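Here's the structure we're looking at; comments come further down.
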Amino acid sequence: MNTLAKTLKFDANTMWVELTDGRTLGIPLAWFPRLLHASPEQRERYEISGGGAGLHWDEIDEDISVAGLLAGRGDATNPVQEAA
């Protein structure tokens, strides 16, 4: 069974994703700089895509997969380099 997004809400620092299996994920906006710097109105203009497998914001060019959230992954567009 795939776990999918059902609803999405925001507070000042967190994106809350309710999943079809009953869990709710609290994701820090700091994990996704485009969401962090977007206005509250821009954050609310999202689409649950792929039948619930993803979250999409056309205006700020952001796409987030539910699988990535469950794996604890944040923004992958600018990966952090690890020190040697």
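General observations
- Test: residue in region 50-66 that is surrounded by 11 or more Cβ atoms within 10 Å (Cβ to Cβ), modelled with pLDDT of 95 or more and more than 25 Å from Asn2 (Cβ to Cβ): yes
- Every pair of residues 6+ apart whose Cβ atoms lie under 8 Å, when the first sits in region 20-36 and is among the hydroxyl-bearing types (Ser, Thr, Tyr) while the second is part of a strand (DSSP E or B): Thr20/Ala5; Thr20/Lys6; Thr24/Trp16; Thr24/Val17; Thr24/Glu18
- Residue ranges of strands (runs of 3 or more DSSP E) in the chain with at least 3 members of a type outside the set (Ser, Thr, Tyr): 5-10, 14-19, 24-28, 54-57, 62-65
- If only residues of region 26-46 that are open to solvent by 70 Å² or more (accessible area, probe 1.4 Å) and in contact with an Asp or Glu (Cβ under 7 Å, 6 or more places away or on another chain) are counted, the one that is nearest to Asn13 (Cα to Cα) is Trp31.
The values are calculated or read from the model by the stated rules, or taken from the named source; none is laboratory data. Quick caveat, the model's predicted, so the values are computed rather than measured. Here Cβ is always computed from backbone atoms with ideal geometry, including for glycine, and neighbour counts include all displayed protein chains. To get the accessible areas, we keep the full protein, side chains included, count just its heavy atoms, and leave off ligands, DNA and RNA. Shrake-Rupley method; radii C 1.70, N 1.55, O 1.52, S 1.80 Å.
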